[in-house]
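The structure appears below as structure tokens.
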Amino acid sequence: NGDRYEGYWVADKRHGPGVLHCADGSIFDGNFDNDEFHGHGLYRHISGVIYDGMWLKGFPAKMASKLHIVVENTPMVIRQGTPFTITVQCLNDENEVVGDEGREIQITAGFKYYQPSKGSALFDMIEDVEDKPIDTPFGYQVVHYPLTNQEQENDGPSEEDEEQELSQSQTQLDLKEDEDENQNNKEEETKEGEDGEKLAENEKQDDEKEDGVDNSGGGVEEPDEIPNNTTTETESVPLPPPVPNCRSEEGVCVWNEVYLAPAPPMYRPFVAMEEAENDKKSSSRGKPAINKDDRRSSIVSEQRRQTIHDPGNIDRRGSVNKGKTYTATKSNSILDKMRRQKEKALEEKYAKTGEYVLMVHDVTNPPFLGRTIEPAFLLLKLKRPEAKKRAKKEGKKWDTSQHIRRSMVATEGLED
């Protein structure tokens, strides 16, 4: 069969110390018993695995049967743009680390698989995609997601910086709304004495302006420009290189500086999620809508009712104050849109926040002694960059004894 043996024989069987040169290139130097590896021996497998230890009837006394990811807590929380470290151990059935050398281990990542709806463009192309869903022990399937050890620029804004920027934008919006309100008040002072029908017509026009409709020109009012400091890259960005496989050392593999890369264009799970959300929105739009004219007339009627029951709710012109409801709604919608823009910018630069699955497989080829050990899975929880902690400025502490002494001195001066 191409094997070459140098050693002792008993009854035409390898028995005792010897060296076996296998046809595939593997070499065993050790003890034999009844033509099997038995006792101490050093085996250099063609795959690169090296085992030096005790053997029992052809197999290592301690043979790895499963992979284990060393982690303190599950799911493992990671941050956008921040590298993390993965340590994997080769264990036997007794959860002991097996010190074999050179076993090839691969780590990959996956995202939850969403079945596309029939008739969609994604469903039509699903059969042409080679990447098939992978079963996990978490009750759902995943498809591969790019994992890399290529360094990413971590110059993105923190949550605190973004909140501060949004707060500044909110202040600018408030100032702009105050200016608009003052301008409206000046215009209203020149229009005193209008009757109730004119008042209702003005309220209706105000509502239409807030809805983005300008009846004066018959066109659509352009929405307020939202400050956006992010730049959009139109050029396609190549996918980063995957994390290279690791060869075990004393039964352990370690990967440092690992990142979840940004999603590739038209990534299937994300497209399916968007389609599901759009279907949900379209189904919600199918519900009976409230007539816009009826809504406006009900608002005007409610305002007139408040005018009668609450005279204090009338301004100098005699109109009803709408309060901060519309202003807050408009500001909140603008701020929500700004946050969505920030999140989109982060997703273009980093991976999308959410739950991922880390997968570890034994890809030793050919398998060591014809056996592939069981894979390991770990949940990853990707969150936004952690906010930077700012040092608090310590002010002067209140000294009660000093305050009492000063009060006593002032009292004695008054008595004198």
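The values are calculated or read from the model by the stated rules, or taken from the named source; none is laboratory data. The model shown is predicted, which means the values in this text are computed figures rather than measured ones. All Cβ positions, glycine included, derive from the backbone under ideal geometry; neighbour counts span all protein chains shown. Areas reflect the complete protein model, heavy atoms only, side chains present, ligands, DNA and RNA absent. Shrake-Rupley method; radii C 1.70, N 1.55, O 1.52, S 1.80 Å.
Quick look at the values:
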{"item": "Sole exception among (1) in a strand (DSSP E or B); (2) not assigned by the TED database to the domain that holds V243 for H68, by number", "result": "(2)"}
{"item": "Single residue of I105, I27 found to be over 30 Å from L380 (Cβ atoms) and either of a type in the set (S, T, N, Q) or at pLDDT 95 or above (or both)", "result": "I27"}
{"item": "Selection count where residues are open to solvent by 60 Å² or more (accessible area, probe 1.4 Å) and either outside any strand (DSSP E or B) or of a type outside the set (A, V, I, L, M) (or both), scope the stretch 4-44", "result": "17"}
{"item": "Set R371, R384: member being in contact with a helix residue (DSSP H, G or I) (Cβ under 7 Å, 6 or more places away or on another chain), at pLDDT 75 or above and either open to solvent by 50 Å² or more (accessible area, probe 1.4 Å) or of a type outside the set (G, A, S) (or both)", "result": "R384"}
{"item": "Enumeration of residues in the stretch 1-28 that are small (G, A, S) and within 56 Å of the chain's Cα centre (by Cα)", "result": "G2, A23, G25, S26"}
{"item": "Residue in the stretch 45-80 that is modelled with the highest pLDDT, counting only those that are open to solvent by less than 70 Å² (accessible area, probe 1.4 Å) and more than 44 Å from the chain's Cα centre (by Cα)", "result": "W55"}
{"item": "Filtered residues of the stretch 132-169 (kept if farther than 26 Å from P240 by Cα and at pLDDT 60 or above)", "result": "P137, F138, G139, Y140"}
{"item": "Condition check for K62: touching a residue at least 60 places away in the same chain (Cβ under 8 Å) and farther than 18 Å from H21 by Cα", "result": "no"}
